[in-house]
């Protein structure tokens, strides 16, 4: 039974490294079209802030009863202060955040219109972001934070949102400093830099782009995961997530397909991948085999996509949907 694994997801300690994001939602109603341009006029009713990017798997980990420490960059600005405050409120350890005066906190602002449906619909998005790679001094600060907490951690989880923090040089350095610690990565297309890791996850589109070939059938994805597992010299599993079609994985000895649960109402896919990598990490630390870990991740992601924004399932919610 899968339910027995839920309580085993607690009690683990994970260092989460990657690009954090402050997600801002401007929610209102559309009552008219502007006289200045053929665009809807949103009358603001609510402003909501949620942590995103690499902060989302960290919150997922805490929500399931384990400890997460966030290693990331924030700006010396209002967005950074708010992001730190929100992380702390969720129970994520924030003492390994590097504050930079010359680099803004990444903020993604979504304009959402409530138009009589159950959930508001996104009509526009504005990002404040810099993708400049880290300089040597900042990289040294990040490495120092990781080194300071390796002894009290069970795993390293890399969440790559392509905002300049996780350079190939930094990832290789951190891997060198933690040779015995299991390393997990949500690569989101940047697969080469996670050579020699334990677990690597990407989605179907990223796998197609990296391999330069179409992937359609279960057999296509099975071959792709095997190829990626071998090419990256992984030690645990390669996972390609496929949305409603579930996920395909390869380990040293097997290839398997894990179906997704049937979901009737899908409202937003934001955050599903973050929840998936968090579940895979915790389940593996708990002793689950790869197919079990991926299946748990599929069920947890199925909960997320029934909500708007970065939603994090609770243990009780996960138990309720597991067979």
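Summary of computed values
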| quantity | calculated |
| --- | --- |
| Listing of strands (runs of 3 or more DSSP E) fully contained in region 8-103 that carry 1 or more residues being closer than 27 Å to residue 166 by Cβ and at pLDDT below 95 | 20-33, 40-53 |
| Residues satisfying the stated conditions in region 294-311, i.e. surrounded by 24 or more Cβ atoms within 10 Å (Cβ to Cβ) and more than 15 Å from residue 1 (Cβ to Cβ) | 294, 297, 300, 301, 304 |
| Which listed residue, of 187, 136, 151, is within 24 Å of residue 282 (Cβ to Cβ), modelled with pLDDT under 95 and either more than 20 Å from the chain's Cα centre (by Cα) or surrounded by fewer than 20 Cβ atoms within 10 Å (Cβ to Cβ) (or both) | 151 |
| Unmet requirement for residue 85, which otherwise passes all of (1) in contact (Cβ under 8 Å) with a residue 40 or more places away in the chain; (2) surrounded by fewer than 16 Cβ atoms within 10 Å (Cβ to Cβ); (3) within 27 Å of residue 281 (Cα to Cα) | (1) |
| The lone exception for residue 243 - which of (1) more than 18 Å from the chain's Cα centre (by Cα); (2) at pLDDT below 95; (3) at positive phi it fails | (1) |
| Failed criterion for residue 245 (all others in (1) in contact with a strand residue (DSSP E or B) (Cβ under 6 Å, 6 or more places away or on another chain); (2) surrounded by fewer than 20 Cβ atoms within 10 Å (Cβ to Cβ) hold) | (1) |
| Per-region count, region 128-149, residues under 25 Å from residue 275 (Cβ atoms) and part of a helix (DSSP H, G or I) | 4 |
| Residue check, residue 130 surrounded by 17 or more Cβ atoms within 10 Å (Cβ to Cβ) and either touching a residue at least 60 places away in the same chain (Cβ under 8 Å) or closer than 15 Å to residue 72 by Cβ (or both) | no |
| Residue satisfying condition, being crowded, with 20+ Cβ neighbours inside 10 Å, closer than 25 Å to residue 300 by Cα and more than 21 Å from the chain's Cα centre (by Cα), within set 250, 224 | 224 |
| Matching helices (runs of 4 or more DSSP H) fully within region 259-323 where at least 3 residues are at pLDDT 90 or above and closer than 21 Å to residue 187 by Cα | 272-285, 290-304 |
| Region 28-54, subset within 30 Å of residue 76 (Cβ to Cβ) and surrounded by fewer than 19 Cβ atoms within 10 Å (Cβ to Cβ), residue farthest from the chain's Cα centre (by Cα) | 44 |
| Test: residue in region 268-282 that is surrounded by 17 or more Cβ atoms within 10 Å (Cβ to Cβ), touching a residue at least 12 places away in the same chain (Cβ under 8 Å) and over 18 Å from residue 55 (Cβ atoms) | no |
| Subset of region 199-213 that is closer than 16 Å to residue 233 by Cα and touching a residue at least 40 places away in the same chain (Cβ under 8 Å) - its residue that is surrounded by the most Cβ atoms within 10 Å (Cβ to Cβ) | 199 |
| Residue 87 out of contact with any strand residue (DSSP E or B) (no Cβ under 7 Å at 6 or more places or on another chain) and under 21 Å from residue 186 (Cα atoms) | no |
| Candidate set: region 232-242, residues that are out of contact with any helix residue (DSSP H, G or I) (no Cβ under 6 Å at 6 or more places or on another chain) and over 16 Å from residue 210 (Cβ atoms); chosen: the one surrounded by the fewest Cβ atoms within 10 Å (Cβ to Cβ) | 235 |
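The values are calculated or read from the model by the stated rules, or taken from the named source; none is laboratory data. Keep in mind it's a predicted model, so treat the numbers as computed, not measured. Quick reminder, even Gly has a Cβ in these numbers, built from the backbone with ideal geometry, and neighbours come from all protein chains shown.
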